[in-house]
Amino acid sequence: MQMKILEKSTIGDLELTNRMVMAPMTRSRADENGVINKLAVLYYGQRAGAGLIISEAINISEQALGMPNTPGIYSRQQVNSWKEVTDAVHRAGGKIFAQLNHAGRVAHSLNRKGHLPVAPSALAIEVQEAYTPRGQKAYEVPLALSVSDIKQIIQDYKSAAINALDAGFDGIELHAALGYLPNQFLMESSNRRTDDYGGSIENRSRFILETMKEIIGVVGPARAGIKLSPSVVVNNMLDSNPSAVYGHLISKLNEQPLAYIHLMQALFPLDELPHYPKNPLESFAHLTDKTIITNGGYNRESAEDILQHNKAQFVSFGSLFLANPDLPTRFELNAPLNQPDRATMYIGGDEKGYTDYPGLDVQSFKTT
Ligand SMILES: Cc1cc2nc3c(=O)[nH]c(=O)nc-3n(C[C@H](O)[C@H](O)[C@H](O)COP(=O)(O)O)c2cc1C
């Protein structure tokens, strides 16, 4: 019997060849102008067997830049380079969404032509350090955004969404996870504002809800999704009541014509944070009737199990897709998997650990 994860399915009006999603992964191989290199065309094309690919996080503006060598979608050259990627994925029968990002305070002036990062409030990330060309540095105190700055950023998401459609993307994912700007608005540890964008949970959710609305206005209903990580505390995402925050946000998102909610499970033990939901899928999926893509640490068996029990409709895989361009075929044949090489995962470089992971030799695998 065919595995459920390999069944055809739909997200919105998009027909997908299976229920496997490639999770967004920053690979830091763009040039200094935020233009992806030619290898990216090969990299994404190799992985087009995924039902849906979510691109690496893409900067919506120069101001949005966090990590060095991350790509943008605000200049003509950047848009044209993405066209080659979307063409390659479509030619291979796949679908691809652009993950739009603004790093907010997860950034350093040394990576931003000397400009300080911006954020909801002037609160620096503590404990962690930023990667810079001069080594690891303490995070700087970001500049607090004015209300007109915030409105401008929402317009920057809108422009980036227009550019993403122009570049041939099938839809947009708002990156509201892992401590980046939208996530910073949500949490008390990064938002101490006293205006409409801070204070109450309703106010802290406003930035995400307004941004989603603008993006949907561009791409149309059921072509925009959002990624959330309620129980991942990286980049100091701390709050006294994360369950109430995400409960409210997800209920409000349910009122918008979203394609999906991409919900990360907890990645690390939460022993010191007992008030954080241990299983976000269990805690929040029942608050929405939208399609759920679950993510975080799944393998062939655990992903199939989640789908069989109708706990989610899709499962996304990060490091497994990174190391296995033909992951759906390997799942189908229950073939061995390549292991991801940590050294070449995040920090740029060339084809090593990017486009050189071998595909399965199906013929010889079947005869052994
Ligand atoms: C190299 C690498 C880069 C990542 N970059 C992003 C990113 O740009 N945007 C994002 O939302 N998540 C990013 N993530 C997180 C993944 O999308 C995913 O949530 C995480 O890897 C957990 O899934 P997995 O256990 O299947 O790998 C990244 C993960 C890895 C390994």
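The values are calculated or read from the model by the stated rules, or taken from the named source; none is laboratory data. These figures come from a predicted structure and were not determined experimentally. Cβ atoms come from the backbone with ideal geometry, glycine included; neighbour counts cover every protein chain shown.
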Check: If we keep just the residues of segment 270-282 that are closer than 17 Å to Ala312 by Cβ and in contact with a Phe, Trp or Tyr (Cβ under 8 Å, 6 or more places away or on another chain), which is farthest from the ligand (Cβ to nearest atom)?
Finding: Pro277
Checklist line | Scan of segment 171-188 for residues that are under 15 Å from the mean Cα position of the chain (by Cα) and either acidic (Asp, Glu) or more than 16 Å from the ligand (Cβ to nearest atom) (or both), ordered by number | finding: Glu173
Note to self: Quick check on Pro142: is it within 20 Å of Glu32 (Cα to Cα) and away from the ligand (no atom under 16 Å from the Cβ)?
What the structure shows: no
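If you go through segment 151-159 one residue at a time, do you hit one that is in a strand (DSSP E or B) and either within 16 Å of the ligand (Cβ to nearest atom) or of a type in the set (A, V, I, L, M) (or both)?
No, because not a single residue in segment 151-159 is in a strand (DSSP E or B) and either within 16 Å of the ligand (Cβ to nearest atom) or of a type in the set (A, V, I, L, M) (or both).
I need a count of the residues in segment 188-215 that are crowded, with 21+ Cβ neighbours inside 10 Å and aliphatic (A, V, I, L, M).
Here the count works out to 3.
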Note to self: Can you name every one of the strands (runs of 3 or more DSSP E) wholly within segment 1-99 that holds 3 or more residues which are among the aliphatic types (A, V, I, L, M)?
What the structure shows: 20-22, 52-59
Check: Could you say whether any residue in segment 254-264 is touching a residue at least 12 places away in the same chain (Cβ under 8 Å), closer than 14 Å to Asn183 by Cα and in contact with a Phe, Trp or Tyr (Cβ under 6 Å, 6 or more places away or on another chain)?
Finding: no
Checklist line | Among (1) assigned to a loop (DSSP other than H, G, I, E, B); (2) away from the ligand (no atom under 11 Å from the Cβ); (3) within 17 Å of Ser231 (Cα to Cα); (4) of a type outside the set (Phe, Trp, Tyr) - the single one Leu267 does not satisfy | finding: (2)
Check: So which residues in segment 181-236 are touching a strand residue (DSSP E or B) at 6+ places or on another chain (Cβ under 7 Å), of a type in the set (A, V, I, L, M) and more than 22 Å from Met67 (Cβ to Cβ)?
Finding: Met212, Ile215, Ile216, Val219, Ala224
Notebook entry, point to check: Do we have Ser81 as crowded, with 24+ Cβ neighbours inside 10 Å, more than 19 Å from the chain's Cα centre (by Cα) and farther than 21 Å from Gly296 by Cβ here?
Noted result: yes
Margin query: I'm told Gly349 meets every condition in (1) farther than 21 Å from Thr10 by Cβ; (2) within 11 Å of the ligand (Cβ to nearest atom); (3) not charged (D, E, K, R) except one. Can you identify the failing condition by its number?
Written below: (2)
Item checked: Selected residue (only one of Ala167, Ala88, Ala122 is touching a strand residue (DSSP E or B) at 6+ places or on another chain (Cβ under 7 Å) and farther than 16 Å from Glu214 by Cβ) -> Ala122
Notebook entry, point to check: Which helices (runs of 4 or more DSSP H) sit wholly inside segment 271-368 and have at least 2 residues that are touching a residue at least 40 places away in the same chain (Cβ under 8 Å)?
Noted result: 280-284, 300-308, 319-323, 327-333
Item checked: Every residue from segment 5-31 that is touching a residue at least 24 places away in the same chain (Cβ under 8 Å), in contact with a Lys or Arg (Cβ under 7 Å, 6 or more places away or on another chain) and away from the ligand (no atom under 16 Å from the Cβ) -> Ser9, Gly12, Leu14, Leu16, Thr17
Margin query: Report every pair of residues separated by at least 6 positions or lying on different chains whose Cβ atoms are under 7 Å apart, first residue within segment 211-227 and within 18 Å of Ser55 (Cα to Cα) and assigned to a loop (DSSP other than H, G, I, E, B), second at pLDDT below 95 and not charged (D, E, K, R).
Written below: Ala222/Gly12; Arg223/Gly12
